[in-house]
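Trainee: This is the structure I want to talk about, given as structure tokens.
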Amino acid sequence: MILVAGSANLDFVVRAHHIPAPGETVLGRDFQTFPGGKGANQAVACARAGGVPTAMLLALGSDAFAQPLVDSLTDAGVQLHTVQAAQPTGVAFICVSEEGENAITVAPGANHALQAQHLPSLQGVTHLLMQLETPVATVQAYAQAARAQGVQVVLNAAPAQALPAALLALVDILIVNEGELAALTSAPAVTAGAAATSSPSPLAEQLAQLPVPCVVVTLGSAGCLASVNGQLLRQAAFKVKVVDTTAAGDTFCGALVAALSQRADMPLALQRASAAAALACTQLGAQSSIPSASAVAQLMQQSV
Ligand code: RIB
């Protein structure tokens with residue numbers, strides 16, 4: 001079983017010609033709400049990938065925003081461990097541009113109520129998948145418990161922030177984008193283009209700085225790069241028509257962990273995760289855009 005411990009947000013999404021600059025007002029188009037939150041998105045991505053059962057530990061408020069989040073997770077087949085919080089359910093305000101890029105502001109609310117004592121039994125859990133929309137102290141306590149019980153700790157270090165070395169020492173697989181990698185290594189963000197042309201790659205040098213045996217950095221349309229015990233693996237991105245990149249990273253994380261928990265080797269897991277993330281860019285919204293295992297298999301077959 002995979003256990004995802006993390007955030008659930010109701011996403012308030014407006015599409016607009018472009019994302020407003022500081023101080024700018026833009027007139028957007030239609031407005032919609034979608035179930036989101038990095039943790040919940042990743043749990044749905046694990047569940048839709050199929051193969052192994054997925055459970056999620058989350059915290060919700062006692063308000064109308066909680067129910068759509070519960071419904072989306074349960075419809076996907078995720079087993080819930082829900083903490084009832086005094087704070088309101090987490091929300092995210094998202095502007096999506098014509099190019100499918102987004103800008104997201106999160107009000108974490110109930111997500112910050114997750115505490116060390118809420119971790120359920122890890123019996124039967126092979127992988128614990130976490131993100132950084134819940135308190136770092138809680139993430140570290142869960143990682144500590146998982147490490148002590150031989151559970152693989154997978155951390156998607158998003159949103160970007162520096163982390164204590166003691167937490168990184170408990171992580172088996174770290175998944176970051178370029179900005180998140182820069183925040184962890186205190187280095188300027190390296191662009192995917194520079195990564196492809198420079199030798200030795202500045203990205204590879206940054207990966208080598210991290211005290212984690214397996215680090216995966218996602219590079220958007222340039223694919224991804226993984227360092228597994230010092231060995232570098234590259235996976236190209238699958239080409240799709242981009243509508244909205246929201247939750248593409250979350251879909252990558254969930255699909256990667258689902259593949260690894262089914263004992264896929266890392267190159268195959270990276271391929272499945274990249275195909276799933278590409279498909280997530282073709283639909284508007286977070287959990288609404290996460291593909292099924294059969295859609296992922298079809299895209300992989302078409303691209304052979
Ligand atoms: O990664 C996308 C997610 O970030 C959104 O669903 C939003 O809720 C924020 O958590």
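A short reminder: the numbers here are calculations on the coordinates, not readings from a lab. As the structure is a computational prediction, the values presented were derived from the model and not from experiment. Neighbour counts are summed over all protein chains in view; Cβ atoms, including those assigned to glycine, are modelled from backbone coordinates with ideal geometry.
Trainee: Out of the DSSP beta bridges found with both residues in segment 1-58, what percent are antiparallel (nearest 5)?
Mentor: If we restrict to bridges inside segment 1-58, about 60 percent are antiparallel.
Trainee: Related question: For the chain, just list the percent of Cα-Cα distances falling in each 10 Å bin from zero outward, please.
Mentor: For the chain, the binned pair fractions read 6, 30, 38, 22, 4, 0 percent.
Trainee: Ratio of Rg to Rh for segment 51-177, alpha carbon only, Kirkwood?
Mentor: Values: Rg = 15.4 Å, Rh = 15.9 Å.
Answer for segment 51-177: 0.97.
Trainee: Report, for the chain, the % of DSSP beta bridges that are antiparallel, rounded to 5.
Mentor: Roughly 40 percent of the DSSP beta bridges within the chain come out antiparallel.
Trainee: Once you treat every alpha carbon in segment 1-40 as an equal point and sum by Debye, what is log10 I(q)/I(0) at q = 0.15 Å⁻¹?
Mentor: Those come out to -0.53, one per q.
Trainee: How do THR282, THR138, THR105 line up, fewest other C-beta atoms within 10 Å first?
Mentor: The most exposed by this proxy come first: THR105, THR282, THR138.
Trainee: Most fluctuating residue of ASP244, ASP172, ASP71 in a GNM of the chain with Cα springs under 10 Å: which is it?
Mentor: With Cα springs under 10 Å in the chain, the top fluctuation among ASP244, ASP172, ASP71 is at ASP71.
Trainee: A further question on this structure: What order do you get for MET1, MET56 when you list them from fewest to most C-beta neighbours inside 10 Å?
Mentor: MET1, MET56
Trainee: With all pairs of different alpha carbon atoms counted, what Kirkwood hydrodynamic radius in Å does segment 11-70 show?
Mentor: By the Kirkwood definition, the hydrodynamic radius is 14.3 Å.
Trainee: Okay, moving on. Would you mind working out the magnitude of the charge dipole of the chain relative to its Cα centre, with +1 at each Lys and Arg C-beta and -1 at each Asp and Glu C-beta, to the nearest 20 Debye?
Mentor: 580 debye
Trainee: Highest mean first, how do 236-242, 142-148, 161-167, 36-42 rank when packing is the count of other Cβ atoms within 10 Å averaged over residues?
Mentor: 36-42, 142-148, 236-242, 161-167
Trainee: For the chain, build the charge dipole from Cβ charges (+1 Lys, Arg; -1 Asp, Glu) around the Cα centre, then report which of VAL139, PHE93, LEU260 sits farthest towards its positive end.
Mentor: LEU260
Trainee: Still on this model: Give me the Debye-computed log₁₀ of I(q)/I(0) at q = 0.26 Å⁻¹ for segment 213-304, equal point scatterers on Cα only, no solvent, two decimals.
Mentor: -1.44
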